[in-house]
Amino acid sequence: MDLGNVPVNERYAKQTILPEIGPAGQARLGASSVLCVGAGGLGCASLPYLVGAGVGRVTIIDADVVDRTNLQRQVLFGEASLGQPKAAAAAARLTDLNPMVEIEALEQRFNAGNAEALIRGHDVIVDGSDNYATKYLLADACVKFDRPLVYGSVTGMEAMATVFHARRGPCLRCLFPQAPTGWVPNCAEAGVLGPLVGMTGSLQAAEAVKLLASPDGAMNTLIGRLWIMDIRDTRQQIIAVRKRPDCPVCSQAPSTIELLADDVEVREIGPREAHELPDCRLFDVREPDEYAAGHIPGAISLPLSTLQDGQARIPSGTRCLIYCESGARCRPAAVHFKAAGYREIFSLRGGRKAWQAAA
Ligand SMILES: [Zn+2]
């Protein structure tokens, strides 16, 4: 294709004029596609820039709905979006921003079952997820199906971003071979500074645009380099990350990489419904100090950290209700209850806080 005489759309004039992008880079952006996994804080920051830049096709996958605690950092949403699916609400806002982009909203979880079609169907993948189970599944799937993954994570006052592409550099497991065990708070349980999420998501968008507009590597991306920001004293570092020859994932042949299914069926129920469950064991998956500070009467303490490191002995049963402080640790815990033979697994919506409020 001759890109010498591509007409410049005035919408993109400010970036097409950049020598690093130019009409050819703009045309490549328009012919490309991005999958954004998660429409939370990181997705809300990266998506407007990707759509604004004229990426041809953008898919957003998120199973959550907007609640008021999201609005502090998830800037695509407002009061009118409360209760709406995040994927659809984000798509509506983004379509208004740039109707030339084909935007698809998927109101579902990214999981081992839909990973292949979603990843193979896009050129660049942006990680906007907020939990380690999804981050590791997504990272492994991007190695298996050979797509660059623009990674970002924010906890509290610290953020990280990089680009993983196993063909050209390290993968997530070269850097951290296992997901952290023990109490791993996500944004729902730990605090997070909104503007730091915005910075990280914006950086992810910039890396994605560079990968798409300049695939021959004329601009250096974060492949092999990890950006770390501690916003407490605004100290940032970029450290080199090397491919590990013994990496548990990217040293394997792609066809042998196994994607761990994390799609255990867990039904969220409220405190009232929970009271009415017959023959149901009750498990508290918070850490021992949290359990000691107060728990639901009759609950057995089985901290997520002991489930994950294999120390916990799960009493047998078929039906159980699990809870943590606000709900975020139930899904990773549920995998272990399923493995122990439980056929019906319920989690307490809103966790112990909701139980107390209802009491
Ligand atoms: Zn690796």
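The values are calculated or read from the model by the stated rules, or taken from the named source; none is laboratory data. The model shown is predicted, which means the values in this text are computed figures rather than measured ones. For neighbour counting, all protein chains shown are included, and Cβ atoms are generated from backbone atoms with ideal geometry for every residue, glycine included. To get the accessible areas, we keep the full protein, side chains included, count just its heavy atoms, and leave off ligands, DNA and RNA. Shrake-Rupley method; radii C 1.70, N 1.55, O 1.52, S 1.80 Å.
Below, the figures for the structure above:
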quantity: Subset of region 35-66 [among the basic types (Lys, Arg) and either buried (at least 24 other Cβ atoms within 10 Å of the Cβ) or assigned to a loop (DSSP other than H, G, I, E, B) (or both)]; calculated: none
quantity: Single residue of Ile322, Ile345 found to be closer than 13 Å to Arg286 by Cα, part of a strand (DSSP E or B) and not hydroxyl-bearing (Ser, Thr, Tyr); calculated: Ile322
quantity: Residue list for region 325-341, restricted to those being free of Cβ contacts under 8 Å to residues at least 60 places away in the same chain and outside any helix (DSSP H, G or I); calculated: Ala340, Gly341
quantity: Tabulated pairs, region 287-310, first of a type in the set (A, V, I, L, M, F, W, C), second open to solvent by 70 Å² or more (accessible area, probe 1.4 Å), C-beta under 8 angstrom, 6+ apart or interchain; calculated: Ile300/Arg281; Leu304/Trp183
quantity: Residue within region 124-140 that is touching a strand residue (DSSP E or B) at 6+ places or on another chain (Cβ under 7 Å) and over 30 Å from Arg235 (Cα atoms) present; calculated: no
quantity: Residue that is most open to solvent (accessible area, probe 1.4 Å), among those in region 161-216 that are of a type in the set (Phe, Trp, Tyr) and either at pLDDT 95 or above or within 16 Å of the ligand (Cβ to nearest atom) (or both); calculated: Phe176
quantity: Answer residue from region 150-160, given it is more than 17 Å from Ile119 (Cβ to Cβ) and either of a type in the set (Val, Ile, Thr) or within 12 Å of the ligand (Cβ to nearest atom) (or both) and is surrounded by the most Cβ atoms within 10 Å (Cβ to Cβ) among those; calculated: Val154
quantity: Boolean, Arg147 is surrounded by fewer than 24 Cβ atoms within 10 Å (Cβ to Cβ), free of Cβ contacts under 8 Å to residues at least 60 places away in the same chain, more than 16 Å from Ile61 (Cα to Cα) and within 12 Å of the ligand (Cβ to nearest atom); calculated: no
quantity: Residues located in region 217-250, provided they are of a type outside the set (S, T, N, Q), more than 25 Å from Pro48 (Cα to Cα) and away from the ligand (no atom under 12 Å from the Cβ); calculated: Arg232, Asp233, Arg235, Ile238, Ile239, Ala240
quantity: Filter result for Ala141 (open to solvent by less than 10 Å² (accessible area, probe 1.4 Å), within 21 Å of Leu212 (Cα to Cα), more than 14 Å from the ligand (Cβ to nearest atom) and not basic (Lys, Arg)); calculated: no
quantity: Tally, over region 327-345, of residues that are under 22 Å from Asp279 (Cβ atoms) and open to solvent by less than 20 Å² (accessible area, probe 1.4 Å); calculated: 6
quantity: Scope region 315-326; condition surrounded by fewer than 21 Cβ atoms within 10 Å (Cβ to Cβ) and either under 18 Å from the mean Cα position of the chain (by Cα) or not small (Gly, Ala, Ser) (or both); matching residues; calculated: Pro315, Thr318, Arg319, Glu325
quantity: Pairs with Cβ under 7 Å, 6+ apart, first in region 232-261 and modelled with pLDDT of 95 or more, second more than 10 Å from the ligand (Cβ to nearest atom) and among the β-branched types (Val, Ile, Thr); calculated: Gln236/Ile228; Gln237/Ile228; Ile239/Ile228; Val241/Thr162
quantity: Tally, over region 123-138, of residues that are of a type in the set (S, T, N, Q) and surrounded by 24 or more Cβ atoms within 10 Å (Cβ to Cβ); calculated: 1
